[in-house]
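Nothing in this text is a laboratory measurement; each read-out follows from the coordinates by a stated rule. What you see is a predicted model; the values in this text were computed from it and never measured. Glycine also receives a Cβ, built like all others from the backbone with ideal geometry; neighbour counts cover every protein chain displayed.
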């Protein structure tokens, strides 16, 4: 079994599996919506993550009528949300670690700036 991010599928296989023309996949790449890996011979290889992203693009364009410029904005927002969710998970883990210890160290009892929001950890 291949990993989620492992590039293993050729453009012809992806096009056939998704019932789209290979030129559509090339257009998505030109628009920056999906970035397949390349072999030494410059052949495109898609991962399962790429295929899932292409499926989302197809749902947005076919089912919801979103144009490619709109799809680009939506995907950028989705990527940013995913990034923030990962950061929140990391912070929850760190907070749980301090709760488990029963006290927040004094050097951690301050206001810190992370990206666009502030986090305040209080010690007792």
| remark: Here the FRET efficiency for residue 72 versus residue 39, based on Cβ atoms and R0 = 35 Å and rounded to 0.05, is 0.85
| request: With an 8 Å cut-off on Cα pairs and a minimum separation of 6 or more residues, tell me the relative contact order of the stretch 1-66 in percent. | output: 39
| task | Go from 0 up to the bin containing the longest alpha carbon distance in the stretch 1-96, width 5 Å each, and give me the % of pairs per bin. | result | 3, 12, 20, 21, 16, 12, 8, 4, 2, 1
| said: For a protection proxy built on the mean count of beta-carbon atoms within 10 angstrom, sort 15-25, 91-101 highest first, please. | reply: 15-25, 91-101
| So how do 65-72, 81-88 stack up, highest first, on mean other-Cβ count within 10 Å? | 65-72, 81-88
